[in-house]
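Quick notes on the structure that follows.
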Amino acid sequence: MKQFTKQEETKLKQLHEQGFIRNEIARQLHRSPATIGTYANKIGLTFDRTLTKTRPKRNKRTLHHYMLT
């Protein structure tokens with residue numbers, strides 16, 4: 001596994017603190033969800049589903065609008 005940079009670790013901690021789910025953090029850091037989970041465990045973070053935010057569902061139209069803004 002490629003080592004996390006300090007910037008990635010900081011961002012992981014920030015997003016985790018904000019309640020983002022593992023998959024969303026993985027997307028933002030361009031890493032696999034498994035890598036995020038493994039690294040999070042190494043630094044003492046867990047993903048409790050009752051405490052994480054869920055990503056709103058977007059259809060193609062709203063996704064296109066979201067990407068343009």
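The values are calculated or read from the model by the stated rules, or taken from the named source; none is laboratory data. It should be emphasised that the depicted structure is a prediction, and the values quoted were computed from it without experimental measurement. Virtual Cβ from ideal backbone geometry, glycine too; neighbours counted across all protein chains shown. With ligands, DNA and RNA removed, areas are computed over all heavy atoms of the protein, side chains included. Shrake-Rupley method; radii C 1.70, N 1.55, O 1.52, S 1.80 Å.
From (1) without any contact (Cβ under 8 Å) to a residue 24 or more places away in the chain; (2) surrounded by 15 or more Cβ atoms within 10 Å (Cβ to Cβ); (3) not small (Gly, Ala, Ser), pick out the condition that doesn't hold for Thr10.
All conditions are met except number (2).
When the residues of the stretch 25-35 are filtered to those that are open to solvent by less than 60 Å² (accessible area, probe 1.4 Å) and farther than 15 Å from Asp48 by Cβ, which remaining residue is nearest to the chain's Cα centre (by Cα)?
Initial filter on the stretch 25-35 (open to solvent by less than 60 Å² (accessible area, probe 1.4 Å)): 25-26, 29, 31-33, 35.
Filter again for farther than 15 Å from Asp48 by Cβ, leaving 26, 29, 31-33, 35.
Working: Ala26: 4, Leu29: 7, Arg31: 9, Ser32: 10, Pro33: 8, Thr35: 11 Å.
Taking the candidates together, the pick is Ala26.
So that you can scan it fast, the table gives a plain yes or no per residue for (1) in a helix (DSSP H, G or I); (2) open to solvent by 60 Å² or more (accessible area, probe 1.4 Å); (3) at pLDDT below 95:
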position: Met1; (1), (2), (3): no, yes, yes
position: His16; (1), (2), (3): yes, no, yes
position: Tyr39; (1), (2), (3): yes, no, yes
position: Arg49; (1), (2), (3): no, yes, yes
position: Lys57; (1), (2), (3): no, yes, yes
position: His65; (1), (2), (3): yes, yes, yes
